[in-house]
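Okay, structure first, notes after.
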Amino acid sequence: MEESTSREKILKKIRNALVEKNDPPFPILDQESDVFPVMTDSLDVTFAQALVSVAGRFIYSESEDEFLGVLKSFILEKDWPLFFCLDPLLQNRLRHAGIPFESDPEKITEARIGITRCEALIARFGSVMVSSRQNPGRKIVGSPEIHVVVGFTSQLVPDLKQAYRLIRKKYGVDFPSMVSVITGPSRTADIEKTLVMGAHGPRELYVFLIEDTADGI
């Protein structure tokens with residue numbers, strides 16, 4: 001009888017606790033406010049500065065034609081090898097400009113330079129968001145030693161949360177199985193604290209930012 005009484009006391013305390021409204025023990029957190037300082041520069045300037053600070057290369061073009069012309073100059077100046085490209089839209093632009101490329105998926109491990117588009121450009125960190133839903137898939141982002149990214153001003157967002165909103169709006173419920181954020185070339189200092197570039201992916205990252213046009217890539 002005593003055990004039953006103790007049990008009833010405990011249950012009564014639980015019922016009373018559920019009925020009575022108490023103030024939360026911790027303050028309610030504002031999860032919508034920004035945790036970073038407000039950016040004072042434009043998104044493109046902020047992105048360029050952040051990208052360069054993590055050893056990335058930034059190139060701005062006012063149009064697709066200018067981008068293709070600059071790309072040709074880079075190929076000659078840096079003696080870049082054949083591009084590896086699996087994106088049909090980029091392939092059409094490269095073909096139109098007379099820029100040769102490789103598109104055999106079986107040769108991806110031999111590629112020295114890969115060219116892709118992106119899902120978003122995160123200005124605050126100079127980061128590039130890519131996903132598995134893009135035509136190149138996962139491998140081309142990590143295999144070549146040089147990664148060339150083609151992005152547009154409409155893909156510039158201030159922070160990571162806006163990048164996820166952009167990609168969620170694009171794909172809806174059919175969300176990509178992999179979303180990755182690239183911040184500068186791959187690097188590591190795990191061995192004897194010596195910085196090594198290209199340890200787990202591309203050792204060079206180039207981002208070509210193009211002003212949007214009605215018939216953009």
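For this structure, a couple of remarks:
- Square roots of five times the Cα gyration tensor eigenvalues for the range 57-161, Å: 21, 18, 13
- Relative protection proxy for 116-124, 175-183, from highest mean packing down: 116-124, 175-183 (other beta-carbon atoms within 10 angstrom).
- Histogrammed with a bin width of 10 Å, the alpha carbon distances of the range 85-125 distribute as 25, 45, 24, 6 percent, first bin at zero.
- Efficiency of FRET from Cβ geometry, VAL38 and ARG95, R₀ 45 Å, rounded to 0.05: 0.55
- Working from label points 7 Å from Cα in the Cα-to-Cβ sense, the ASP65 to TYR164 distance is 4.2 nm.
- Once you reduce the range 49-98 and the range 101-137 to the center of their Cα atoms, the two points are 12 Å from each other.
- Local electrostatic count, GLY69, Cβ distance below 14 Å [Lys/Arg +1, Asp/Glu -1]: -3
Laboratory data are not the source of any read-out in this text; all were calculated from the coordinates shown. This one's a predicted model, so the numbers in the text were calculated from it and none came from an experiment. In this analysis, Cβ positions are derived from the backbone assuming ideal geometry, glycine residues included, and neighbour counts consider all displayed protein chains.
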